[in-house]
Amino acid sequence: MFRFEKKANPFYEKDVSGCAVSAIMNTKGRRFSSEGIVKSIANQRDRSNGLGGGFAAYGIYPQFAELYALHIMYQNQASAHKTEQYLDDYFQVEHKEVIPHRHDTVISHHPFLRRYFVKPYPVGEKTPDRIFERLSEDELVIKNVMRINTGFDGAFVFSCGKNMGVFKGVGYPEDLAVFFKLEEYSAYIWIAHGRFPTNSAVWWGGAHPFSLLDWAVVHNGEISSYGINKRFLENFGYNCTLFTDTEVIAYIFDLLVRRHDLSFEMASKVMAPPFWDEIEKMPDEEKELYTTLRATYGGALLNGPFSVIAGFKNGIIALNDRVKLRPLVAARKDDFAYVASEEAAIRIVQSELDRVWSPAGGEPVIVMLEEPAAVPTAP
Amino acid sequence: MALKTYESEFKIVRDDSKCIACQVCVRQCANNAHIYDAEDEKVYADDSKCVNCHRCVSMCPTKALHIEHTPLQFMGTANWTSSAIRNVIKQADTGGVVLTAMGCDKKYPNYWDRILLNASQVTNPSIDPLREPMELKTIIGKKPDKLEFENKGGKVSLKTHLTPQLELSTPIMFSAMSYGSISLNAHKSLARAAFEYGIYWNTGEGGLHKDLKKYKDRTIVQVASGRFGVNSEYLNTSAAVEIKIGQGAKPGIGGHLPGEKVPEEISVTRMIPAGTDALSPAPHHDIYSIEDLKQLVYAIKEATRYTKPVFVKIAAVHNVSSIASGVVRAGADAVVIDGLLGGTGAAPAVMRDNVGIPIELAIAVVDARFRDEGIRNQASIIAAGGFRNSADVIKAIALGADAVYLGTAALVALGCHVCQKCYTGKCNWGIATQDPYLTKRLNPNIGSGRLMNLLRGWSIEIKEMLGGMGINAIESLRGNREHLRGIDLHDKERELLGIKAAGETW
């Protein structure tokens, strides 16, 4: 049912799906309720088919802002027990609890859902016996998450960032919002997804958003370059485990922005680069830049139709494939930024807008917090 | 002992009611298979001399000629085929090695024909290359692990610059074929077509004729174990330098161009005395191990002031993935892999037909090995050996090759009918010969035009197939084995190729 038993095999798998996406952000870092995002995604109900939905919320755990919030789903108690032992070995677990959810909604069957607020042991006497050294805390978290997701039957980490979390499952997104009691959270960025998978292999982990550290990605499309994106990432130590093409987008952002220190603009030009014809016409310096970018990161070009929204702690980025084969609309109103598959999904939340536009293919919409420091880190 | 019954493999059939005894066939056949009898005013045939190259058939103005496999066949068995018996008799007669040319003609499994391509339906729109951009541009060479940028007063500029690269308008190049093994007119055709189409041609190991220096920027010069024609000017009259370690048609052995095929022009180009045999040793005698290869790679880089990528060409043999990995670690910017079906101008049949592994498997295991080791970006993979059409090419790219080399296909475009007699030096199509009477049959203007037609045709087909898969840039297919499915393959073969079976879903 939850497809946990099926771990990554030597051959790649991906789910094909059409979808609805939506995001709302307050550029001043002010937190607001889930009401708007739920309305927005519910208004695009036709774009999903009840086989997957989810939300990412930033700024929801100010009391644990310095800890990694691990959201984990388990197939059974045995896998939970085994994974918790593992977590105890590698992390200081400051707090753990069941992810709050209702028992009387339309969601009738779900995995065990738990969350843990942790930090890796500092290097010292309590450093666990390990085979990798000189890893940053982020790298350690990634390694351990990948290990759980590939090696622990029945356990799946679906969110591991700081002061953010992902809530997702099988169902319509608005039903999942009720199930996960999202009205109890307030966040400065909300991202939502409604899924229309075109095969029957649906499972809770396969819903969007996909998340790694503080990246959360929702995606409408089918990545025809998936086979090479996945192998390109393996060259850098990323193991794709989710049987879906969307996770490669999260990993590509992580590789380019966090590890290789590319700007968001540059990263989006890797994923949706200018055509060679356009590069030909650029001034010499720019021409060299884009030629080098395409030559070096060709394996990270995302081909096929997509509109994608990625969240991170300081903002959001929305991007279309370079020939714009899927819809994407952006809008601004005062401190609020909106991105969605359809304009109607924005208008239902905010009918009066300062500006509404349809970004061109390959043109990223990047919205950053005005002052990153404004994000509340304590209650 | 009158044992021979093998002289005539082919039978020349002449329709006397059509033949006008014009003697075109007599003049066209360098093998002297057609004989004019002035007394009878008739043309007769000596079947034993026919190689089935179809030159006479193509040129006969009245279409009076036809070539058949001779009806006289050995009894034969499934095991003792005609060619097996013929070769034993030949060798008992002469005590020699059975020579042949072109690629392996034994019936090994062809994996290209057991791999199927994908296309988009509903969930992903296919792209029409006539309406939308479709990019085949390919960049060959070492790529950095990551890029660094500088921000100068709000203007972002590159801090990491690429080492020298080759830019191809389509992921195809012309394979190494030396001046000596083929004619100058063949070289001119290849060079001109490469230059015009924006790809590269390869000199092979016989040096670069002075008339071709103007094509420098589209020329890959080869350095092989005989070091023919290699000097500082040669190395620098190029876009890239290729060190040839092995050849798919004859892995592990060298080459031999007989003295009769070394006239003045070739002697000057190869820097050897006219009329002497040009011998390429089996190994490079300064490369007995991988660290020696590294020295040669860097000696060439020094000699060219680090302005040119250095390729290393190896034959696909059993350990190809670890050898290729070593080659990359020795500093090569691209590794060229020549498969079992790769061609040659002359090789012992026993080598050509029995040594090496198919290029399909070699590409797959080398690409996978490089990714496992995290070195895939450090070198491009160029595949060679037996590409017959654009589908073979696109499958090679999906398995992991950056580009492919065409040898035989290019020669066929120039007129070759694959009679496999290149080693005789009597090529009636003016390709694999140095006889001026024959070489003038190949007009480089027409030849280069035909090569460009071939490149154009294949490129259009590749674009159609890419668009069908919902991909608009070739780099999104490179190594993207999700778009391949295997049919009639064992599990182990599919595992090595890294592809699923036809019918398996994502």
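Are any of the residues in segment B:382-401 hydroxyl-bearing (S, T, Y) and either touching a Pro at 6+ places or on another chain (Cβ under 9 Å) or within 14 Å of chain A (Cβ to nearest Cβ) (or both)? Scanning segment B:382-401, I find no residue that is hydroxyl-bearing (S, T, Y) and either touching a Pro at 6+ places or on another chain (Cβ under 9 Å) or within 14 Å of chain A (Cβ to nearest Cβ) (or both), so the answer is no.
Here is the figure for segment B:272-308: residues that are without any contact (Cβ under 8 Å) to a residue 40 or more places away in the chain and crowded, with 16+ Cβ neighbours inside 10 Å total 2.
Helices (runs of 4 or more DSSP H) fully within segment B:350-420 that include at least 1 residues being under 24 Å from B:P164 (Cα atoms): B:359-372, B:390-399. Identify the single condition in (1) open to solvent by less than 20 Å² (accessible area, probe 1.4 Å); (2) of a type outside the set (G, A, S); (3) within 14 Å of the chain's Cα centre (by Cα) that B:V418 does not satisfy, given that it satisfies every other one. (1) is the only condition that B:V418 fails. Here is a check on your reading of the model: is B:K107 touching a residue at least 12 places away in the same chain (Cβ under 8 Å) and of a type outside the set (D, E)? Taking the combined requirement at face value, the residue does not satisfy it.
Among the residues of segment B:156-172, not a single one is more than 14 Å from chain A (Cβ to nearest Cβ) and more than 21 Å from A:G299 (Cβ to Cβ).
Applying the condition of being modelled with pLDDT of 95 or more and charged (D, E, K, R) to segment A:150-171 and asking which residue is least open to solvent (accessible area, probe 1.4 Å) yields A:K168. Residues in segment B:291-341 that are under 22 Å from B:I359 (Cα atoms) and part of a helix (DSSP H, G or I): B:V320, B:S321, B:S322, B:I323, B:A324, B:S325, B:G326, B:V327, B:V328, B:R329. Taking the options B:F387, B:F370, name whichever one is in the same structural domain as B:G254 (by TED's automatic domain parsing) and touching a strand residue (DSSP E or B) at 6+ places or on another chain (Cβ under 7 Å). Residue meeting the stated conditions: B:F387. Residues in segment B:293-313 include none that are among the small types (G, A, S) and under 19 Å from the mean Cα position of the chain (by Cα). Residues in segment B:370-385 that are more than 16 Å from B:F311 (Cβ to Cβ) and either touching a Ser or Thr at 6+ places or on another chain (Cβ under 6 Å) or open to solvent by 30 Å² or more (accessible area, probe 1.4 Å) (or both): B:D372, B:E373. Here B:K142 clears all of (1) without any contact (Cβ under 8 Å) to a residue 12 or more places away in the chain; (2) open to solvent by 40 Å² or more (accessible area, probe 1.4 Å); (3) touching a helix residue (DSSP H, G or I) at 6+ places or on another chain (Cβ under 6 Å) except the condition numbered (1). Scanning segment B:234-258 for residues that are free of Cβ contacts under 8 Å to residues at least 40 places away in the same chain and over 16 Å from B:Y179 (Cβ atoms) yields one hit, B:G254.
Inspect segment B:362-369 for any residue being in contact with a helix residue (DSSP H, G or I) (Cβ under 6 Å, 6 or more places away or on another chain), open to solvent by 30 Å² or more (accessible area, probe 1.4 Å) and at pLDDT 95 or above and give the result as yes or no. So far as segment B:362-369 goes, yes, one or more of its residues are in contact with a helix residue (DSSP H, G or I) (Cβ under 6 Å, 6 or more places away or on another chain), open to solvent by 30 Å² or more (accessible area, probe 1.4 Å) and at pLDDT 95 or above.
Cβ separations smaller than 7 Å between residues 6+ apart or across chains give the following pairs from segment B:479-492 residues that are under 22 Å from B:N377 (Cα atoms) and within 11 Å of another protein chain (Cβ to nearest Cβ) to residues that are among the hydroxyl-bearing types (S, T, Y) and open to solvent by less than 80 Å² (accessible area, probe 1.4 Å): B:N480/A:S225; B:E482/A:Y12; B:E482/A:Y226. Within segment A:303-312, the residues that satisfy the criterion of being more than 8 Å from chain B (Cβ to nearest Cβ) and either closer than 16 Å to A:E363 by Cβ or surrounded by fewer than 19 Cβ atoms within 10 Å (Cβ to Cβ) (or both) are A:F306, A:S307, A:V308, A:I309, A:A310. Of the residues examined, B:K137 is one that is basic (K, R) and facing chain A (nearest Cβ under 10 Å). The residues in segment B:119-134 that are in contact (Cβ under 8 Å) with a residue 24 or more places away in the chain, surrounded by fewer than 20 Cβ atoms within 10 Å (Cβ to Cβ) and either touching a strand residue (DSSP E or B) at 6+ places or on another chain (Cβ under 8 Å) or facing another protein chain (nearest Cβ under 9 Å) (or both) can be counted, and the count is 4.
Annotation: of all residues in segment A:172-210 being among the charged types (D, E, K, R) and modelled with pLDDT of 90 or more, the one that is nearest to A:T105 (Cα to Cα) is A:D175. Just name the residue that is nearest to A:N239 (Cα to Cα) out of those in segment A:119-149 that are open to solvent by less than 80 Å² (accessible area, probe 1.4 Å) and among the acidic types (D, E). Selected residue: A:E139.
The values are calculated or read from the model by the stated rules, or taken from the named source; none is laboratory data. No experiment lies behind these values; they were computed from the predicted model shown. Cβ coordinates were reconstructed from backbone atoms using ideal geometry, including for glycine residues, and neighbour counts include every protein chain displayed. Keep in mind that these areas ignore ligands, DNA and RNA; they rest on the heavy atoms of the full protein, side chains included. Shrake-Rupley method; radii C 1.70, N 1.55, O 1.52, S 1.80 Å.
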